[in-house]
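Read the structure below first, then the notes.
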Ligand code: HEC
Ligand code: HEC
């Protein structure tokens, strides 16, 4: 009698667990779309970029001013996260001060969609930096356990939009260098789980210069 009672309890516990798991999966499936960022409308975004033109240009890739990133063709989710982070001060970007104040969340999603829809810039690596840059980019830094950049930023540097990983190819090398150094010093600290700070902490100046040149030529 006692055994049966125990067995029944185990059975109903298992059943409860199965039902709970099944319910959780259904709930996740229903609510997952709500957790993603607001859908951007590129055409509506094009109406909101007047203030951006002076520095980023119509296609996002003007970058004639030093240290202004190319944002045309950049992954959408990444662009939106950076706009939020810059607007709220989580990422320090002095030249961008006030630039996003007139944009609400939907406007920012629209502008992100607009710039993401533009073509990615193309650059060229300095030949003497390719060997070191390529090794670090594709193989990582085995002896110190740093992951290969290609694992997240993709083999051709186009990033992975769904995961919020930015494209690096075609980027102005001076800008990339500045960002890697900012992650290394902790001045830029808006990367979730310190993913870039922990990697950049292991890079020397020479490695950063090689990587920045190498990725600009990726396509
Ligand atoms: C006065 C020049 C200037 C203007 C105007 C400007 N930006 Fe920027 N923007 C910059 C600079 C410089 C950075 C890099 C900041 C840093 O060093 O971290 C930047 C960074 C960004 C980034 C992050 C890019 C990346 O690869 O991480 C986004 C996104 C961005 N700007 C969007 C915009 C949008 C949208 C507008 C218009 C609403 C705008 N910017 C207006 C200068 C400008
Ligand atoms: C585990 C995934 C991962 C790996 C590996 C990785 N990155 Fe990143 N990287 C990210 C993420 C995520 C961001 C965006 C952080 C944020 O939200 O600001 C980023 C941002 C960057 C940026 C800033 C881009 C911009 O437009 O401002 C650069 C530059 C960069 N990574 C270079 C590298 C290089 C070079 C390597 C290899 C040495 C590397 N990353 C390895 C995930 C990764």
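In the set 208, 141, only one residue is modelled with pLDDT of 95 or more, outside the structural domain of residue 85 (by TED's automatic domain parsing) and away from ligand 1 (no atom under 14 Å from the Cβ); that residue is 208. Taking residues in segment 81-98 that are near ligand 1 (Cβ under 6 Å from one of its atoms), and partners anywhere that are assigned to a helix (DSSP H, G or I), the pairs with Cβ atoms closer than 8 Å and at least 6 places apart or on different chains are 83/108; 83/111; 83/112; 93/86; 95/55; 96/86. Among the residues of this structure, residue 65 does not count as one that is modelled with pLDDT of 50 or more, closer than 18 Å to residue 119 by Cβ and near ligand 1 (Cβ under 9 Å from one of its atoms). Tell me which residues, restricted to segment 144-154, are more than 10 Å from ligand 2 (Cβ to nearest atom) and at pLDDT 95 or above. Matches in segment 144-154: 154 only. Scoring residue 106 on the criteria (1) assigned by TED's automatic domain parsing to the domain that holds residue 210; (2) part of a helix (DSSP H, G or I); (3) modelled with pLDDT of 95 or more; (4) more than 9 Å from ligand 1 (Cβ to nearest atom) leaves a single failure, condition (1). Only one of the listed residues (180, 211, 203) is more than 22 Å from residue 116 (Cβ to Cβ), more than 6 Å from ligand 2 (Cβ to nearest atom) and surrounded by 16 or more Cβ atoms within 10 Å (Cβ to Cβ). That residue is 203. Against the definition (more than 11 Å from ligand 2 (Cβ to nearest atom), in contact with a helix residue (DSSP H, G or I) (Cβ under 7 Å, 6 or more places away or on another chain), part of a helix (DSSP H, G or I) and outside the structural domain of residue 89 (by TED's automatic domain parsing)), how does residue 132 come out, yes or no? Considered against the rule, which asks whether it is more than 11 Å from ligand 2 (Cβ to nearest atom), in contact with a helix residue (DSSP H, G or I) (Cβ under 7 Å, 6 or more places away or on another chain), part of a helix (DSSP H, G or I) and outside the structural domain of residue 89 (by TED's automatic domain parsing), residue 132 comes out as yes.
The values are calculated or read from the model by the stated rules, or taken from the named source; none is laboratory data. Note that the structure is predicted; figures quoted are calculated from it, not measured. Neighbour counts run over all protein chains shown; Cβ positions are idealised from the backbone, glycine included.
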